[in-house]
Ligand code: SF4
Ligand code: SF4
């Protein structure tokens, strides 16, 4: 099985597991926990993502994220690259407001601080009551609609509440000069055929990055490797080495 098939299979499994795992990706559950001084499963998941992204960049988005899986399904309906620009700032605004709420929730919370990984779940299962499907399908629509209307992985670009964590972790990793997974280009071999760009699920200017070997500077690259596998000239490859000038 080829790498992209394996990647898409993992994404599909992650999507199918969403009724079980949803609360572990929930920013609301963290707040509900902190009000009671409970560190929830989603608290630990978000913290792990921050740490892992120092070493792996945004690979979580490329290989494991159920919302990413959903959006890649939407690519068969709208394959246009989502417009970049100021809309990308929306997710950072959401994230900043959410962080402020977390601080207030914890400050106003009561009781001893304790961990409960399964907080608000039914034996670890998130969607265990029919009423929870209202939340489930609301989130599905929230993720799906931007991609259907605006193009490839638009929810990742505009509204994802987890992306800022991964971007922050990636930046901390770079500051600490930690060798980090990224795509590198043997730029002299590139013939500007643009095939890599046609398959990028994030709709990035891949050919331009290949020509300048600047993937390591791009916080939107999710290290999915679709461009690597598409390039018949073997211009692109994965690398763990720290790049100069990061
Ligand atoms: S597919 Fe390869 S050769 Fe073609 S533009 Fe991309 S990096 Fe260059
Ligand atoms: S640039 Fe390549 S590795 Fe990065 S998101 Fe696009 S296709 Fe995936």
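Derivation of every value follows stated rules applied to the coordinates shown; laboratory data play no part. These numbers were taken from a predicted model, which means no experiment stands behind them. All Cβ positions, even for glycine, are placed from backbone atoms using ideal geometry, and neighbour counts span all protein chains on display.
Quick notes on this structure:
- Within the listed set 38, 97, 143, the residue fluctuating most in the Gaussian network model of the chain (springs between alpha-carbon atoms under 10 angstrom) is 97.
- Counted by neighbouring Cβ atoms within 10 Å, the residues 170, 72 run from fewest to most as 72, 170.
- Selected from 235, 113, 51 as most flexible by GNM, with the chain as the system and alpha-carbon contacts under 10 Å: 113
- Kirkwood Rh, Cα atoms: Rg over Rh of the range 181-246: 0.91
- In degrees, nearest ten, helix 132-150 long axis to first principal axis of the chain (Cα): 30
- The range 3-178: relative contact order as a whole-number percent, Cα under 8 Å and 6+ apart: 39
- The chain: angle of helix 89-107 to the longest principal axis, Cα-based, in degrees nearest 10: 30
- MRE, 222 nm, helices only [DSSP H, n ≥ 4, -39500 (n - 2.57), over the chain, to nearest 500]: -15500 deg cm²/dmol
- Shape category assigned to the chain from the gyration tensor of Cα positions, a/c cut at 1.5: prolate
- Taking 0.36 nm per residue of separation and subtracting the Cα-Cα distance, full extension of the segment from residue 102 to residue 84 would add 3.6 nm.
- Segment residue 171-residue 238, extension gain: residue separation times 0.36 nm, minus the distance between their alpha carbons: 22.3 nm
- In this structure, residue 217 and residue 17 have a Cβ-Cβ separation that, at R0 = 35 Å, corresponds to a calculated FRET efficiency of about 0.55.
- With the simple model of a label 7 Å out from the Cα in the direction of the Cβ, residue 76 to residue 131 spans 3.6 nm.
- Top of 114, 58, 88 by mean-square fluctuation, Gaussian network on the chain, Cα under 10 Å: 114
- Amide N proximity, the range 202-223 versus residue 4 label position 7 Å along Cα-to-Cβ, cut-off under 20 Å: 202-211, 215, 220-223
- Cα long-axis angle, helix 3-16 against the chain (0 to 90 degrees, to the nearest 10): 20
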